[in-house]
1. What do you reckon, is Pro29 in contact with a helix residue (DSSP H, G or I) (Cβ under 9 Å, 6 or more places away or on another chain), within 16 Å of the ligand (Cβ to nearest atom), open to solvent by less than 70 Å² (accessible area, probe 1.4 Å) and of a type outside the set (Ser, Thr, Tyr)?
2. For the range 84-143, which positions are in a strand (DSSP E or B) and of a type in the set (Lys, Arg)?
3. Can you tell me how many residues within the range 266-285 are assigned to a helix (DSSP H, G or I) and at pLDDT 85 or above?
4. Restricting to the range 286-306, what's the tally of residues that are closer than 14 Å to Arg33 by Cβ, part of a helix (DSSP H, G or I), touching a residue at least 12 places away in the same chain (Cβ under 8 Å) and open to solvent by 30 Å² or more (accessible area, probe 1.4 Å)?
5. Would you point out the residue of the range 245-256, among those that are open to solvent by 10 Å² or more (accessible area, probe 1.4 Å) and in contact (Cβ under 8 Å) with a residue 24 or more places away in the chain, that is nearest to the ligand (Cβ to nearest atom)?
6. Do you know which of the residues in the range 67-83 that are part of a loop (DSSP other than H, G, I, E, B) and of a type outside the set (Asp, Glu) is surrounded by the fewest Cβ atoms within 10 Å (Cβ to Cβ)?
7. Scanning the range 199-213 for residues that are open to solvent by less than 40 Å² (accessible area, probe 1.4 Å) and not in a strand (DSSP E or B), which turns out nearest to Ile53 (Cα to Cα)?
Amino acid sequence: MPEIKSTAKTGSPTSTVRFAPSPNGLLHPGHARSALLNWRFARDHGGTFLIRIEDIDTTRARPEFESAIFEDLAWLGLDWSGPMRRQSEHFSDYEAALSELRKLDLVYPAFLSRGEAADRVREAETSGKTWPRDPDGAPHYPGDDRTLTTQQRNQRIADGKPYAWRLDMRKALDGLSQPLCWDEHGAGPHGETGRIAADPAAWGDVVLARRDVPTSYHLAVTIDDAIQKVTDIIRGEDLFASTSVHRLLQRLLGLPAPRYRHHGLVLDKTGRKLSKSDGATSIASLREQGATRADIIAMAGLPLQP
Ligand code: GLU
């Protein structure tokens, strides 16, 4: 593991926050909300505002989207402290963390393809069984691979069968000596605030390294927040439930616990959260149509001058 020193003590005079977009589309006013809340928090607390480019999905990340992110942020009047961290340049940090978890025997190679896993779930559900689903509605990964012997695993790997690394959730939770919580200074989607009891089991055996990429969102975000010494995580409430997984990984890897401030999302006229795939609502296209900085800040649901 890379050396990680904590600055995340409660009451610490310095705060570090980050805006962590994925460069797989153009930013919309929902991103502006997150970026502005982070920037304003750093300004008000004499803290540091960092940018992290979350580009582990190398098939979807594109350099032109990354340039557009910086252009939009500068247009919004935001400045940030360097150096910017680009996740695709740090795969070795995530591999080191995964190798720690392998040493603890808390991860296993998962060989089922998406289709195979979906078939399993369908079979169980048609025979009347209730299959557990995660907070995003995806079915939990079937547990089959957990019980393979080392010899069977090695044989499959030697046969070239592709695999992801998954956390053995049950084993990870069995080893915890103290309850897992976090301090929520914002609010979750149902107004949850204060001391929140984490519920990582709700996610099942999460992926920590994908078949095609040596990490996953959960692992990369947890490691980076520690390496970048992020003290306060300000992000959309759609990631509230994921915090349970991040807290678990922090505990397993001995990393500091940041404070969390989840915020409400910007919704479109039909009440749905804005999506990058809807180019019409991007900051870039709104700007082209004549929107001013004040207009975007208003669309982000924030006061112009807090
Ligand atoms: N990269 C994530 C996104 O664009 C944000 C991750 C986070 O803030 O933890 O939604």
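1. The answer is yes for Pro29.
2. Once the filter is applied, which keeps residues that are in a strand (DSSP E or B) and of a type in the set (Lys, Arg), the range 84-143 yields Arg85, Arg86, Arg133.
3. Count: 4.
4. 2
5. Checking each candidate, the answer is Arg247.
6. Per the stated criteria, the residue is Gly77.
7. Val213
The values are calculated or read from the model by the stated rules, or taken from the named source; none is laboratory data. Bear in mind the structure is a predicted one, so any value in this text is a computation, not a measurement. Note that each Cβ is placed from the backbone with ideal geometry, even for glycine, and that neighbours are counted across all protein chains shown. Note: areas computed on protein heavy atoms with side chains; ligands, DNA, RNA excluded. Shrake-Rupley method; radii C 1.70, N 1.55, O 1.52, S 1.80 Å.
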